[in-house]
Amino acid sequence: MSHWSIPFVNDEYHAVARMMKGFNAPVYGFYEPIPAIVKVNGRRCHVFACAAVGCGQKIKRYLDKNDKCSTSNLRSHSKKCWGEEAFEKAHEVKDLAKIREVVGRAKNSPNGNVAAMFACSEGKGIVSYMHRQHTTEEARAVIVKWVAQSMRPFSIVEDPGFHMLMKTGRPMYWIPSAATVARDVKHVFDNTKKRIAKILQVGGLNRERGNSGMC
Ligand SMILES: [Zn+2]
């Protein structure tokens, strides 16, 4: 049976602080900055807590092994938890402080999603990803936005390759039919047209009032 204890002795704390200076790989940015120091069955180890809200994953690294600085378990979890793309972007960013800043912002997003992942570099903007699967309504909305902005045919949502990409790792992901996307795009277009017409009417009215001296 495993026995856990937390010896927060000052010396030990300073030792980990010294060791942490070597923790500069981008992957550390996905974990709480200070690992816990614990003993498991008499063996000392560092425990890295995943920074993602609600994840709770803790990765142990034993200090009496040759791979005490190995990041392979940390890497493997962060890829699964935050996604391959976020992981790759963190490695493009390299700067651990910046990665921590972005991860910190993401985990505190008010709606519980972990979004706003990485600014690859100055001036490139922030790429945002949700940390959970879309609801049906969200999936409909983002697909409408995507096909409209990127000028994709409605039928793309029925493409087997698209299904493979979307459902790998999340087979329950709901994808609308091409007919639903077509209907949603028309609905959004009609609503937008009405809104713009109203804005133009109000603008025209204000100009008329301005010209006639009304207020
Ligand atoms: Zn995690």
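None of the figures in this text is laboratory data; all of them are computed from the coordinates on show. All of these numbers come straight from a predicted model, not from anything done at the bench. Here Cβ is always computed from backbone atoms with ideal geometry, including for glycine, and neighbour counts include all displayed protein chains.
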Ranked by how many other beta carbons lie within 10 Å on average, peptides 85-93, 152-160 from highest: 85-93, 152-160
Vicinal HN-Hα couplings computed from phi for segment 25-36 (Karplus, 6.51 cos²θ - 1.76 cosθ + 1.60; Hz; Gly/Pro x): 5, x, 4, 5, x, 8, 10, 4, x, 10, x, 6
Burial order of peptide ranges 94-103, 58-67 (average beta-carbon count within 10 Å, highest first): 94-103, 58-67
Theoretical FRET efficiency, 1/(1+(r/R0)^6), r = Cβ-Cβ of residue 172 and residue 63, R0 45 Å, to 0.05: 0.65
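Please compute the net charge surrounding residue 159, taking Lys and Arg as +1 and Asp and Glu as -1 over other residues with Cβ under 14 Å from its Cβ. The partial results should precede the final answer.
On the way: positive: 152, 167; negative: 158.
Every neighbour counted, the sum reads +1.
What translational D, rounded to a whole number of µm²/s, comes out for segment 136-207 from Stokes-Einstein when the hydrodynamic radius is the Kirkwood one over Cα pairs, at 4 °C and 1.567 mPa s?
Values: Rh = 13.9 Å.
Reported coefficient: 93 µm²/s.
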Segment residue 39-residue 135, length gained on full extension (0.36 nm per residue, minus Cα span): 30.4 nm
Residues whose placed amide H lies under 5 Å from that of residue 40, excluding near-sequence neighbours: 45
Net length gained if the chain between residue 91 and residue 151 were fully extended (0.36 nm per residue, minus Cα distance): 18.5 nm
Whole-Hz couplings from phi, Karplus 6.51/-1.76/1.60, listed for segment 183-189; x for Gly and Pro: 5, 5, 4, 5, 4, 5, 4
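Can you tell me the dipole magnitude for segment 136-207 around its Cα centre, using point charges on the Cβ only (Lys, Arg +1; Asp, Glu -1), in Debye to the nearest 20? List each step's numbers first, then the result.
Values: 12 positive and 6 negative charges, 84 e Å.
For segment 136-207, the charge dipole is close to 400 debye.
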